[in-house]
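Asks: Structure incoming, see below.
Rule-based calculations on the coordinates, nothing more; no lab input. Just so it is clear, the structure is predicted and the values come from calculations on it, not from any experiment. Every residue, glycine as well, gets a Cβ built from its backbone with ideal geometry; the counts of neighbours run over all protein chains shown.
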Amino acid sequence: MKKFNAVDISIGAIFVALMAIGANIAVWFPFLAIPIAGKSVPLSLQTFFAILAGLLLGKRLGSFSMLVYLLIGLAGVPVFAQMKAGLFILLDYTGGFLISFIFVAWASGWIVERMKKATLYTYSVAAIVGVAVNYGIGVTYMCLAMNTWLELSIGYGAAWTAMVPFLIKDFIIAIVAAVIMVRIASRLPKLA
């Protein structure tokens, strides 16, 4: 197995920083929040950057950079949404989405590594699979957390229904990530 070199670690660190920025975009731009059930739920660009990490860095480095992001937040650095940090964030109903970013980057990176040619179609498929992984893990975890340790009763269908506005947003930004990757790949010889 190839070890990460200094360039790999530096590029991975950029994605760790992008994840922190993407998680807190609504802190700097408060209008990027959706009011749901009396609460203001901030939009984020974390799914976008997790997908882009997989598309650009591949499954191994992309998922490793997402793991580092998660570990930094768990260690207490406020890099999660709304400038939060700590282990208890994983026990919240959105903790599954944070965990899923590792798998989002891995899945989208795995698909890109298997493709023969860098096309919008293949990047789009990889990005959409990344969104599916994100919501598959995140919504399942959310439903489990709400129905068990948070003691809030919610059906699995209702959990998915509540996530529709975010799913639409993430589907659109997944396609944007694919378009951006086509442009990036055409400029980097090893990706084209």
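Asks: Compute the acute angle (0 to 90°) between the alpha-carbon long axis of helix 46-74 and the principal axis of greatest extent of the alpha-carbon atoms of the chain; round to the nearest 10°.
Replies: The two axes meet at around 50 degrees.
Asks: If you don't mind, another one. Looking only at Leu152, Leu70, Leu43, which one moves most when the chain is put into a Gaussian network model with springs between Cα atoms under 10 Å?
Replies: Leu152
Asks: For region 51-149, state the semi-axes of the equivalent ellipsoid (square roots of 5 times the eigenvalues of the alpha-carbon gyration tensor), sorted largest first and rounded to whole angstrom.
Replies: Square roots of five times the eigenvalues give 27, 16, 9 Å.
Asks: Sticking to Cα atoms, compute the Rg of region 118-192 to one decimal and its Dmax as the biggest Cα-Cα distance, whole number, in Å.
Replies: For region 118-192, the Cα-based Rg and Dmax read 16.5, 52 Å.
Asks: Multiply the residue separation of Lys3 and Tyr121 by 0.36 nm, subtract the distance between their alpha-carbon atoms, and state the gained length in nm to one decimal.
Replies: Once the chain is fully extended between Lys3 and Tyr121, it gains 39.4 nm.
Asks: Can I ask one more? What translational diffusion coefficient, in µm²/s and rounded to a whole number, does the Stokes-Einstein relation yield for region 5-84 at 25 °C and a viscosity of 0.890 mPa s, taking the hydrodynamic radius as the Kirkwood radius over Cα pairs?
Replies: Once the numbers are plugged in, D ends up at 187 µm²/s.
Asks: Choose one of Phe15, Gly73, Phe101: the residue whose Cα lies farthest towards the positive end of the charge dipole of region 6-187 (beta-carbon charges +1 Lys, Arg; -1 Asp, Glu; about the Cα centre).
Replies: Phe15
Asks: Let me ask something else. Could you pull out every residue, at least 5 positions away or on a different chain, whose amide H is within less than 5 Å of the one on Ala33? Hs are placed 1.01 Å off N in the peptide plane, and Pro or chain starts have none.
Replies: Amide H to amide H, under 5 Å and 5 or more residues apart or across chains, Ala33 pairs with Leu43.
Asks: Relative contact order for region 6-187: what percent, with Cα pairs under 8 Å and sequence separation of 6 or more?
Replies: That works out to 22 percent.
Asks: Let me ask something else. Using a 10 angstrom cutoff on alpha carbons, build the Gaussian network for the chain and name the most mobile of Tyr93, Tyr156, Tyr141.
Replies: Of Tyr93, Tyr156, Tyr141, the most mobile in the Gaussian network model is Tyr156.
Asks: Along Cα→Cβ, 7 Å out, is where each label goes; now give me the distance between the ones at Leu32 and Ala158 in nm to one decimal.
Replies: Going by the 7 Å Cα→Cβ label model, 3.1 nm.
Asks: Separation between the Leu91 and Asn147 pseudo-spin-labels, each 7 Å from Cα along Cα→Cβ, expressed in nm?
Replies: Spacing of the two 7 Å Cα→Cβ label points: 2.1 nm.
Asks: Please compute the alpha carbon radius of gyration of the chain, then divide it by the globular-protein estimate 2.2 N^0.38 Å. Two decimals is fine.
Replies: Numbers: Rg = 16.5 Å, N = 192, 2.2 N^0.38 = 16.2 Å.
Compared with the compact-globule rule of thumb, the chain sits at 1.02.
Asks: Taking the chain as a Gaussian network, Cα atoms linked when under 10 Å apart, which of Ala158, Ala178, Ala81 shows the biggest mean-square fluctuation?
Replies: Ala158
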